[in-house]
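Scroll down for the structure; my scribbles are underneath it.
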Ligand SMILES: [Zn+2]
Ligand SMILES: [Zn+2]
Ligand SMILES: [Zn+2]
């Protein structure tokens, strides 16, 4: 689910106290507080437009390549790198959510029971990533990722809650460096996976065009080789050895050229995906924590699930490998990691099922499944 740029800019400016109005032509009318206007280098009243280069519109261009877009990160520079906010939640009936948990936590090879629940203040990190997918075409977009700092559950949120955020205390920004890195790493992993899902149509079209062009190259060079073979067969007895050799050399040259053409084609359609954080907002809010005890064989693990007041639904269980929640989940034998059905797979070489959170490569045959085609 890709957010359009005007929506993201609106959310970020509103968070910093601006009043933003969307006009019919998709441009924005912005009234900024003086400090924000200074940081962004724009007037306190500024129309922002997002159309492609070449089309004339009055106001400040705010597209991905614009100077304005590059100054957005200044809002988060230095001391403001992570903004803090609070959100006043309205909590639902605990009984109702407990029922949702018992009916809807999909574990494939383990059981669980709800042990207790408690109302608690926790923090979510809202990360805005800009992704750039580069191949023979360029695709850009903004992806908001909301991550629960306590259990690393992720979601692409709808941003209705942004307008209700209140500025938080300096104190709330304090988070231990290692803990923050862990949260950001998980948000990145999810962001990559979610961006690839957003770009699915583009990736499919790349594959289609690669197949089409490889087929053309194959047919062209196979015809050339066939013709050369025919000449060799026809004249082998009549032309002198030196001349026959010339045709064999031609065959070898065709082979080499074919390999290079395929190599160029793979390079042309290779996809590079880059993600950059545009802004980070740490949101403190009150929630209900539901502690579940997961049981796998003779071991058990206690894990917190939270009702997410920002999106008004229960957080999903996180996959502790890709952080992209794809139920149902499996629980690993050694450390009881929660692993989604995409990440709990058989080793393609020896067939052993293993947990990628425990082992980066197959523990039995050392095969790195990510490097296999
Ligand atoms: Zn996964
Ligand atoms: Zn594991
Ligand atoms: Zn293996």
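The values are calculated or read from the model by the stated rules, or taken from the named source; none is laboratory data. Please read all numbers here as calculations on a predicted model, not as lab measurements. Glycine gets a Cβ as well: all are built from the backbone with ideal geometry, and neighbour counts include every protein chain shown.
Odds and ends about this structure:
- Residue match in the range 313-327 (condition: within 16 Å of ligand 2 (Cβ to nearest atom), surrounded by fewer than 18 Cβ atoms within 10 Å (Cβ to Cβ) and in a loop (DSSP other than H, G, I, E, B)): no
- One residue alone among 156, 175 is within 22 Å of residue 305 (Cβ to Cβ) and more than 23 Å from the chain's Cα centre (by Cα), and that residue is 175.
For (1) within 16 Å of ligand 2 (Cβ to nearest atom); (2) assigned to a strand (DSSP E or B), each residue gets a yes or a no:
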residue	(1), (2)
99	no, no
114	no, yes
121	no, yes
145	no, yes
152	yes, no
180	no, no
187	no, no
206	no, no
213	no, no
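- Scanning the range 28-52 for residues that are at pLDDT 85 or above, outside any strand (DSSP E or B) and on the phi < 0 side of the Ramachandran plot yields 32, 33, 34, 35, 36, 37, 38, 39, 40, 42, 43, 44.
- Residue check for residue 331: more than 23 Å from the chain's Cα centre (by Cα), within 13 Å of ligand 2 (Cβ to nearest atom) and either under 22 Å from residue 149 (Cα atoms) or at pLDDT below 95 (or both): yes
- Condition met for residue 317 (more than 16 Å from ligand 3 (Cβ to nearest atom), touching a helix residue (DSSP H, G or I) at 6+ places or on another chain (Cβ under 6 Å) and within 30 Å of residue 130 (Cβ to Cβ)): no
- Search result, residues across the range 334-358 that are surrounded by 15 or more Cβ atoms within 10 Å (Cβ to Cβ) and within 16 Å of ligand 3 (Cβ to nearest atom): 343, 344, 347, 354, 355, 356, 358
- Qualifying residue in the range 337-350 (condition: within 13 Å of ligand 2 (Cβ to nearest atom), closer than 17 Å to residue 194 by Cα, at pLDDT below 90 and not in a strand (DSSP E or B)): yes
- Only one of 280, 265, 273 that is buried (at least 16 other Cβ atoms within 10 Å of the Cβ), more than 23 Å from residue 186 (Cβ to Cβ) and at pLDDT below 95: 265
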